[in-house]
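A quick write-up on the structure given underneath.
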Amino acid sequence: MGMRKHFVPIVSGVALLALTLNSCDTPTGEGAGYGAAAGAIIGAAATGRVQDAAIGAAAGAATGALIGAAIEENDARRSYPPPARGYPYAARTGTFGFVRSPYSPHRIVDVRGIPRGELVRDPSSGGIFRNP
């Protein structure tokens, strides 16, 4: 019964902590914050256990950050002017949601949750490309 007494304050604290990540002005920071808050709420509501709320917050933050990797086009143009022919497209791989970056070292980038045609920042090179 003691754990139930602390359940709501702990879940509220985790959600509040997640929302503080929203102070980041980047799509990645905002996505991580929203994802962590949603994950904590879902994890706690599904099981009623604080441990599951924390696991949900961590999973949500990771997913939100991944989705936040998509970059807004006007931000990209301001910070990373497009090449003369426009932003290049990544190459599709044999696995859904994963593409090969057009920039050296041509690593595989996880673009699950990022719509086709949206701009994505290559985490290894920093280059901007379009999701095919």
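Ranked from highest to lowest mean number of other Cβ atoms within 10 Å per residue, what is the order of the peptides 102-110, 90-98, 120-128?
120-128, 102-110, 90-98
Let me understand segment 73-130 better: what is its radius of gyration from the alpha carbons, and its Dmax, in angstrom?
10.9, 33
Taking 8 Å as the Cα distance limit and 6 or more residues as the minimum spacing, I'd like the relative contact order of segment 73-130 as a percentage.
Here the relative contact order equals 31 percent.
Full extension from Thr93 to Arg77: what is 0.36 nm times the residue separation minus their Cα-Cα distance, to one decimal in nm?
Full extension from Thr93 to Arg77 adds 3.1 nm.
Would you mind calculating the gained length between Ser125 and Ile108 on full extension (0.36 nm times residue separation, minus the Cα-Cα distance), in nm to one decimal?
Extra length available between Ser125 and Ile108 comes to 5.0 nm.
Any read-out appearing in this document is the output of simple, stated calculations on the displayed coordinates, not a laboratory observation. Since the model is a prediction, treat every value here as computed from it, not as a measurement. Glycine gets a Cβ as well: all are built from the backbone with ideal geometry, and neighbour counts include every protein chain shown.
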